[in-house]
Amino acid sequence: MSHTLVTLAPEVICHIIKELPIKDSRIFLESCKKLYNNGIYAFDQKCFRAIPVRLTKESLDQAKQILKDHSIHFLQEIFIRFRTGLDVLGPERLYIENALISVLTQGLQSSTQPLTIRICDHAERFNDPSGGCMKTVAQAISVILLVEPTRSFKVQIHNLRLGNCKWLLHYGRPFLGRVQSLELRFDHYTTESRALKGIKKILPLTSNLEELSFSNNAEAYLSPETFQQIIKKSIPKKLKRVNITRVSIPAAELREALFPFHDYLRELKLEDVVFQDESFGEFVDYVINHLAVTLDSFSVKDIYEDRGDDVFKIYDPIKECREMGMEVWGFDIMKGLTCLPA
């Protein structure tokens with residue numbers, strides 16, 4: 001090890017650590033004890049902002065060891081992902097639940113940053129009628145809230161299978177009140193009527209919800225009746241972001257659904273949406289007159305119009321938005337209006 005490197009000020013060493021790739025940073029630190037002592041803080045800050053966790057003994061044990069061995073004051077996210085083919089049943093569930101409680105508790109107690117617990121079901125995972133994975137995570141978070149109800153953190157749930165809504169309902173307002181972002185997944189395992197029963201019960205309890213997404217993997221488009229029933233079910237008025245995928249709906253009904261959120265809505269994303277009655281232009285006019293002042297982002301991809309005898313794709317929705325007058329109203333086309341990549 002060069003004598004010059006050893007004598008570098010700790011601030012310089014920290015800067016070097018932040019600029020190097022993680023693998024090279026590790027090698028650099030391990031080359032000398034003095035460099036390690038002066039740079040480990042910067043290394044931990046760089047590498048441990050997020051910790052991924054799977055609901056297996058091996059993954060949870062590894063997460064516990066990382067939290068024990070490293071400074072995690074900069075931890076911002078614990079990412080819990082359900083892998084394909086995974087279910088949590090029997091004696092294994094109790095161990096995994098306790099280990100997850102330990103990981104979450106360590107993270108919450110050590111971090112000085114606003115912490116988010118992100119839960120993501122695998123898009124290709126088979127149906128989980130027992131709700132084992134979601135129940136385990138919800139139970140672990142509920143235990144933490146019971147012991148330390150004032151602990152500050154947010155929960156994001158991605159790819160939530162509609163059949164699992166009933167398990168979230170079981171843990172009630174203390175858990176659901178922490179949910180900041182919720183992505184509802186429709187697929188061929190769950191009929192619309194069955195799905196709505198659970199959704200309509202949990203949404204009124206998500207008092208701090210800021211983002212709501214509809215992810216439809218079923219063959220059929222989501223009907224306007226179903227969409228209306230979900231989004232109008234006592235959702236908090238401070239909803240800031242709405243993402244809509246594979247819905248067939250008239251512009252008037254979409255406008256009515258979004259109306260309660262005018263004062264807070266900042267991002268709106270539409271993907272693979274069919275506007276009934278040739279009404280895309282009508283919806284753009286609504287955005288110009290009611291949302292353009294508050295929206296930071298309006299994103300569109302694969303927009304269609306149902307013209308009665310057939311469904312036609314609008315190949316350049318951005319052009320149509322401009323022609324309808326977005327620029328006249330001062331909406332920043334280059335910054336806020338985007339066409340999502342194919």
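The values are calculated or read from the model by the stated rules, or taken from the named source; none is laboratory data. Just so we're clear, the structure is a prediction, and the values are computed from it rather than from any experiment. Note that we place each Cβ from the backbone using ideal geometry, even for glycine, and neighbour counts take in every protein chain shown. Heavy atoms of the whole protein, side chains included, go into the accessibility calculation; ligands, DNA and RNA do not. Shrake-Rupley method; radii C 1.70, N 1.55, O 1.52, S 1.80 Å.
Here are a few things to note about the model shown:
- Sites residue 252 and residue 109 - FRET efficiency at Förster radius 35 Å, r taken between beta-carbons, to 0.05: 0.10
- Inter-label distance, residue 146 to residue 315: 6.1 nm, where each label sits 7 Å from its Cα along the C-beta direction.
- Derived scalar couplings ³J(HN,Hα) [region 263-276; Karplus, 6.51 cos²θ - 1.76 cosθ + 1.60; whole Hz; x for Gly, Pro]: 6, 10, 4, 10, 9, 9, 10, 10, 9, 6, 10, 9, 8, 6
- Distance between the modelled labels on residue 94 and residue 278, one decimal in nanometres: 6.7 nm (7 Å Cα→Cβ projection).
- When all protein chains stay in place and ligands, DNA and RNA are ignored, the 1.4 Å accessible-area order of 66, 244, largest first, is 66, 244.
- With 31 Å as the limit, the listed pairs 68/154; 135/238; 154/197; 64/269; 154/200 have 64/269 beyond it between alpha carbons.
- Solvent-accessible area of residue 56 with every protein chain in place, 1.4 Å probe, in Å² to the nearest 10: 20
- Heavy-atom surface analysis with a 1.4 Å probe gives region 192-285 a carbon and sulfur content of 43 percent of its accessible area.
- Extension gain for residue 223 to residue 263 (0.36 nm times residue separation, less C-alpha to C-alpha distance): 11.8 nm.
- Rounded to the nearest 10 Å², the accessible area of residue 58 at probe 1.4 Å: 130
- Of 185, 54, the order by accessible heavy-atom surface (1.4 Å probe, DNA, RNA and ligands excluded), from most exposed downward, is 54, 185.
- Residue 79-residue 58 FRET efficiency (beta carbon distance; Förster radius 22 Å; 0.05 resolution): 0.85
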